[in-house]
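In what follows, a single structure is set out as structure tokens and then discussed.
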Amino acid sequence: MKTTRRNFFKTLGIGIAASATTGTVLSSRRVEAQTLKASATGIFDGGIIQLSQNESGRGPGPNTLAAIREHATKRIGRGYPSDYVNELHETIANEFELAKDNVLLASGSTPLLDGSVRAFCSRTRPLVTAVPSFSTSSSMARNIGAPVREVILDPSMTINLEGMAEQASGAGMIYLCNPNNPSGTVNGPAAIEKFVRQVMRTSPDTIIHIDEAYIDYADPGAMKTALPLVNEFKNVFITRSFSKAHAMAGLRIGYALGHSDTLSAIDSAWGMGDVTMLGAVGALTSFKDKAHIEWERKENAEIKAMVTKTFEDLGYDVPRSHTNHLFVNLKRPAREFREACLREKIAVGRDFPPMENTHCRISLGSREEMTQAIKVFKKVLS
């Protein structure tokens, strides 16, 4: 049975009213960093299943964990510069058949996103971005006083490339998340190439940043890396992360691929941080472990299909996702669903304007976590 607004609030009992009177704001509650004392109990995140930050519920592959343990020795005490970082740099460059100065390492993707906005946007050079999309770049643009030109997703919840191209004239940079976060949708290689060529023809001074953080989760054939366009155009660069399919969010490693002048400008505009010795060991091992990344993609795909079917059987629309999260049209404010789930110890995603009153992003955890979460979703929606 489809839920009515009244029935939906009945699942919350007196909780909504109580939270209003006590000042407790469930939707703002965030999972706290683990402490040594809490870790000893074996209970993580206060017993809450974390489905709100697009992290991997399975963690790094066994080979990666073994490599990190093996290198956790007294050698850590001598790390100026950190061991294995240069090797990681060279390995990534060789994988993509690039020179080392066409690869920029950072402590996660965030410094790369922030640095690119600072390098190429200003009060007179706007940022162009889709909405909803990953908001780090637009947040930095607003912080430095750069205008932000927002282009709403098309009806299929895919980034509107034609609309983005129309907004490119005079822009400092275009941020294009492919696959997109939060919608999970992709733009195929032909569409991306057409878009890049159009922008380079009509606004040749504009930088195009293509964020491929979720590419390892994309269904085979749905998309391809934009690296050929990076090799052709100086003003195009891509970023990737070890935080998603590689499941190393806690070790903070990201990288950019692009022209040396473009990457140098990003590096000069903002601190990239340092990749640590153990982070580099883990990244090296995971980067070479193609079999595990393919297993991770397939495992995520099976879980994604299971959760998607659950929502579709309940009567809700779910755009086809090529990521480790879903963007479900619940036809009600995300906050209501989020608060109801949190009472059942399930934390789902934050608001994504301008769709915060209809859609909710749900990260995909492990098979065991999602089996439990499905029970909660059914409870609060029926």
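The values are calculated or read from the model by the stated rules, or taken from the named source; none is laboratory data. The model shown is predicted, which means the values in this text are computed figures rather than measured ones. No Cβ is skipped: glycine too gets one built from the backbone with ideal geometry, and neighbour counts run over all protein chains shown.
The set of residues from region 239-256 being touching a helix residue (DSSP H, G or I) at 6+ places or on another chain (Cβ under 7 Å) and assigned to a helix (DSSP H, G or I) comprises just one member, Leu251. Could you tell me whether region 198-206 includes any residue that is in contact with a Phe, Trp or Tyr (Cβ under 8 Å, 6 or more places away or on another chain), among the aliphatic types (A, V, I, L, M), crowded, with 24+ Cβ neighbours inside 10 Å and not assigned by TED's automatic domain parsing to the domain that holds Asp351? So far as region 198-206 goes, no, none of its residues is in contact with a Phe, Trp or Tyr (Cβ under 8 Å, 6 or more places away or on another chain), among the aliphatic types (A, V, I, L, M), crowded, with 24+ Cβ neighbours inside 10 Å and not assigned by TED's automatic domain parsing to the domain that holds Asp351. Any chance region 332-339 includes a residue that's free of Cβ contacts under 8 Å to residues at least 24 places away in the same chain and within 22 Å of the chain's Cα centre (by Cα)? No, because not a single residue in region 332-339 is free of Cβ contacts under 8 Å to residues at least 24 places away in the same chain and within 22 Å of the chain's Cα centre (by Cα).
In region 126-145, the residues that are not assigned by TED's automatic domain parsing to the domain that holds Pro353 reach residues that are crowded, with 23+ Cβ neighbours inside 10 Å and aromatic (Phe, Trp, Tyr) with C-beta atoms within less than 6 angstrom, at least six apart or across chains, in these pairs: Thr129/Tyr175; Ser137/Tyr175. Given (1) in contact with a helix residue (DSSP H, G or I) (Cβ under 9 Å, 6 or more places away or on another chain); (2) more than 30 Å from Phe337 (Cα to Cα); (3) at pLDDT 95 or above, identify the lone condition not met by Ser82. Among (1) in contact with a helix residue (DSSP H, G or I) (Cβ under 9 Å, 6 or more places away or on another chain); (2) more than 30 Å from Phe337 (Cα to Cα); (3) at pLDDT 95 or above, the lone unmet condition for Ser82 is (3).
This table checks each residue for (1) under 19 Å from His259 (Cβ atoms); (2) over 20 Å from the mean Cα position of the chain (by Cα).
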{"residue": "Ser109", "(1), (2)": "yes, no"}
{"residue": "Leu112", "(1), (2)": "yes, no"}
{"residue": "Cys121", "(1), (2)": "yes, yes"}
{"residue": "Thr129", "(1), (2)": "no, no"}
{"residue": "Phe134", "(1), (2)": "no, no"}
{"residue": "Arg149", "(1), (2)": "no, yes"}
{"residue": "Met157", "(1), (2)": "no, no"}
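Within region 290-306, can one find any residue that is outside any helix (DSSP H, G or I) and at pLDDT 95 or above? So far as region 290-306 goes, no, none of its residues is outside any helix (DSSP H, G or I) and at pLDDT 95 or above.
Going residue by residue through region 312-328, is there one that turns out to be more than 25 Å from Asn178 (Cα to Cα) and in contact (Cβ under 8 Å) with a residue 24 or more places away in the chain? Checked region 312-328: at least one residue is more than 25 Å from Asn178 (Cα to Cα) and in contact (Cβ under 8 Å) with a residue 24 or more places away in the chain.
Could you check how many residues of region 40-88 are outside any helix (DSSP H, G or I) and not β-branched (Val, Ile, Thr)? The number of residues fulfilling the criteria is 23. Just one residue in the set Val281, Val236, Val318 is buried (at least 24 other Cβ atoms within 10 Å of the Cβ), touching a Phe, Trp or Tyr at 6+ places or on another chain (Cβ under 9 Å) and modelled with pLDDT of 95 or more; that residue is Val281. Restricting attention to region 204-235 and to residues that are in a loop (DSSP other than H, G, I, E, B) and hydroxyl-bearing (Ser, Thr, Tyr), the residue that is farthest from the chain's Cα centre (by Cα) turns out to be Thr206.
Residues of region 126-149 that are assigned to a strand (DSSP E or B) and either among the hydrophobic types (A, V, I, L, M, F, W, C) or within 20 Å of Ile238 (Cα to Cα) (or both): Leu127, Val128, Thr129, Ala130, Val131, Val148. Pairing residues of region 366-382 that are under 12 Å from Ile49 (Cβ atoms) with residues that are at pLDDT 95 or above and surrounded by fewer than 16 Cβ atoms within 10 Å (Cβ to Cβ), at Cβ distances under 7 Å and at least 6 apart in sequence or on separate chains, gives Met370/Met306.
Scanning region 116-125 for residues being surrounded by fewer than 21 Cβ atoms within 10 Å (Cβ to Cβ) and either free of Cβ contacts under 8 Å to residues at least 60 places away in the same chain or within 16 Å of Asp211 (Cβ to Cβ) (or both) gives a total of 5.
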